1. Output needed: percent of Cα pairs per 5 Å distance bin for the range 44-142, bins running from 0 to the one holding the longest distance.
2. Relative contact order, percent, of the range 27-127 when contacts are C-alpha pairs under 8 Å separated by at least 6 residues?
3. Any idea what the alpha-carbon Rg over 2.2 N^0.38 Å comes to for the range 4-238?
4. Over the chain, calculate the relative contact order: mean separation of alpha carbon pairs under 8 Å at least 6 apart, over the residue count, as a percent.
5. Specify the inter-centroid distance of the range 150-169 and the range 201-226, based on alpha-carbon positions, in whole Å.
6. Rounded to the nearest 20 debye, what is the charge dipole size of the range 4-238 about its Cα centre when +1 sits on each Lys and Arg Cβ and -1 on each Asp and Glu Cβ?
Amino acid sequence: MEYFETKGISKFFGGLAAVNDVSFKVEKGQIYGLIGPNGSGKTTIFNLINAYYPLTKGEIYFEGQKISGLKTFQICERGIGRTFQVVKPLKRMTVLENVMASAFLRSKSTAQARDLAMETLDFCNLTAQKDKVAKGLPIASRKRLEIARALATKPKLLLLDETAAGLNPSELDEAIGLIKKIRNSGVTIIIVEHIMKVIMSISERILAINYGMRITEGTPTEVASNHEVIAAYLGEDYSA
């Protein structure tokens with residue numbers, strides 16, 4: 001029984017195939033990378049997993065149970081959390097209040113939600129910024145807040161969508177450290193990322209896609225040396 005699996009998932013917008021017959025499996029405790037050029041369908045796959053978009057065809061399974069067909073909140077309740085490529089915190093609320101809003105999924109009272117939010121902020125090294133209004137945070141802190149909001153739902157599987165975009169080199173190292181820390185806490189991760197330093201240094205397996213279709217899957221070394229992957233990123237002249 002696979003921990004997480006997609007079987008031939010597809011999403012068509014009219015006659016356009018944004019995702020076309022993509023299947024992959026993720027083991028429990030794994031960091032699984034998903035790469036491809038802009039517009040290749042990576043975020044759409046995330047949107048299909050958490051039911052932001054309905055599947056055109058295919059099935060998705062988590063912990064041996066079919067989750068395709070469930071609503072977004074039901075999938076979150078099952079233990080799948082996610083971040084978004086474009087971070088949109090509740091701008092007029094504080095960092096703590098933002099995380100508390102997510103924590104209410106697993107809390108029966110405001111006190112419990114606050115305790116869970118504080119625990120999550122400490123885990124993400126955001127405690128010192130808990131009383132700051134979210135709209136005033138720099139990009140690195142907003143990215144970290146996005147992760148904290150997802151973690152406050154107590155996910156078993158976390159979908160990370162370009163959490164390193166826009167970060168400087170030192171912030172990148174901190175982001176890599178946080179992602180590894182999340183995995184070491186027992187959370188399985190599927191990550192979409194364009195920055196190769198991040199994806200290649202933390203992923204155990206990687207799926208490369210283009211035009212909504214699978215190119216190849218394997219270890220970071222295997223994927224990085226694949227001619228079709230090189231062509232998709234750099235052009236045919238570099239794949240010879």
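1. All Cα pairs, binned at 5 Å, distribute as 2, 12, 19, 19, 16, 15, 10, 6, 1, 0 percent.
2. Values: 57 pairs, mean separation 13.9, N = 101.
Relative CO of the range 27-127 lands at 14 percent.
3. On the way: Rg = 17.7 Å, N = 235, 2.2 N^0.38 = 17.5 Å.
Output field value: 1.01.
4. On the way: 464 pairs, mean separation 60.8, N = 240.
Answer for the chain is 25 percent.
5. Centre-to-centre distance over Cα atoms comes out at 20 Å.
6. On the way: 31 positive and 24 negative charges, 214 e Å.
Dipole of the range 4-238, to the nearest 20 debye: 1020 debye.
Each reported figure results from applying straightforward, stated rules to the coordinates on display, with no laboratory input. Computed from a predicted model, the values in this text were never measured in an experiment. A quick note on method: Cβ atoms are made from the backbone with ideal geometry, for glycine too, and the neighbour counts reach across all protein chains shown.
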